[in-house]
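Comments concern the structure below.
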Amino acid sequence: MSDLNITIAPETPNDAVAIERLHERTFGPGRYVLSAYRLREHVDHLLDLSFTARIGTLLVGSVRQLPIAVGEVPALLLGPLTVEPPFRSRSVGRALLDRAIAEAKAQGHGLILLVGDEPYYSRVGFKKLPRGRVTMPGPVDPNRMLALELVEGAAAELAGTVRPDWRFARAS
C-alpha cells in the first residue's frame, strides 16, 4: 500500500464538519452544481458505507456512498472520493475505494455507479457504461459514467435516469 499508517473507518455524524471542510478545499464552491450533488439534496449518504481515512487523528480522506435507483434497479452512487492534496499518490484513495467496495459487496449490494475518470477507477473494476443508457439529473460527460458490478450481470439491463432511492429520502 504505502508507507503511511492509515486508518480507514466508517464515517460517523461527528465527521461531517471535517469532511465538509475537506470538500471545500478540494472541490471548491462549484461542487454544488454537479449532478451528483443534486441527488444528495434528497437523500443522505449511508454512514455504514461511507468511510474516512486518518493518519493519527488527522482526517486525510473521505468516500461516501448514496442510495440511488436507475429505473427500478437499486444501486449505490460512489462519491465524492477525496484526499487531501499532500496525501495523494500515497494509496489513500485506493484504500478508501477498496473498503467502500468490499463493504457494499458484504452488505449484498449489486451495483455501484460513479461519475469519474475511467483510467483511475478501472483499476478497481469500474467500466464505462454504454452511451445513453444511464442519465444523471443534470449535465454529465457520458464518458465519465462508470459502473462496478458487485453481482455479475447487475448492470446488464440498466437503463434510465439516476434518481435518489426514495426509500432513504429525507423527511421534509
Residues of the stretch 114-129 satisfying the condition of being surrounded by 13 or more Cβ atoms within 10 Å (Cβ to Cβ), out of contact with any Pro (no Cβ under 8 Å at 6 or more places or on another chain) and outside any strand (DSSP E or B): Gly116, Glu118, Tyr120, Tyr121, Ser122, Val124, Gly125, Phe126
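Across the stretch 152-172, which residue is modelled with the highest pLDDT among those that are of a type in the set (D, E, K, R) and under 18 Å from Ala104 (Cβ atoms)? Walk me through how you get there before you give the answer.
Applying the first criterion (of a type in the set (D, E, K, R)) to the stretch 152-172 yields 152, 157, 163, 165, 167, 170.
Keeping just the survivors that are under 18 Å from Ala104 (Cβ atoms) gives 152, 165, 167.
Details: Glu152: 95, Asp165: 86, Arg167: 76.
Taking the candidates together, the pick is Glu152.
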Across the stretch 82-105, the tally of residues that are more than 21 Å from Ala69 (Cβ to Cβ) and of a type in the set (A, V, I, L, M) stands at 6
Would you check if there is a residue in the stretch 102-120 being more than 26 Å from Leu158 (Cβ to Cβ) and either in contact (Cβ under 8 Å) with a residue 12 or more places away in the chain or touching an Asp or Glu at 6+ places or on another chain (Cβ under 8 Å) (or both)? no
Can you pull out the residues in the stretch 120-151 that are at pLDDT below 95, more than 24 Å from Gly93 (Cβ to Cβ) and out of contact with any Leu (no Cβ under 7 Å at 6 or more places or on another chain)? Pro130, Arg131, Gly132, Thr135, Gly138, Pro139
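Test Val151 against the criterion of being part of a loop (DSSP other than H, G, I, E, B) and in contact with a strand residue (DSSP E or B) (Cβ under 7 Å, 6 or more places away or on another chain), and give yes or no. If you could, list the steps in order and put the result at the bottom.
Details: part of a loop (DSSP other than H, G, I, E, B): yes; in contact with a strand residue (DSSP E or B) (Cβ under 7 Å, 6 or more places away or on another chain): no.
No, not satisfied.
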Run down Val73, Val33 and say which single residue is at pLDDT below 95, surrounded by 16 or more Cβ atoms within 10 Å (Cβ to Cβ) and hydrophobic (A, V, I, L, M, F, W, C). Val73
With the structure loaded, tell me whether Ala104 is crowded, with 18+ Cβ neighbours inside 10 Å and either modelled with pLDDT of 90 or more or of a type in the set (D, E, K, R) (or both) or whether it fails that test. yes
Could you check, for the stretch 78-101, whether at least one of its residues is at pLDDT 95 or above, part of a loop (DSSP other than H, G, I, E, B) and within 25 Å of Trp166 (Cα to Cα)? no
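The values are calculated or read from the model by the stated rules, or taken from the named source; none is laboratory data. Being a predicted model, the structure only gives us computed values, none of them experimental. Cβ coordinates were reconstructed from backbone atoms using ideal geometry, including for glycine residues, and neighbour counts include every protein chain displayed.
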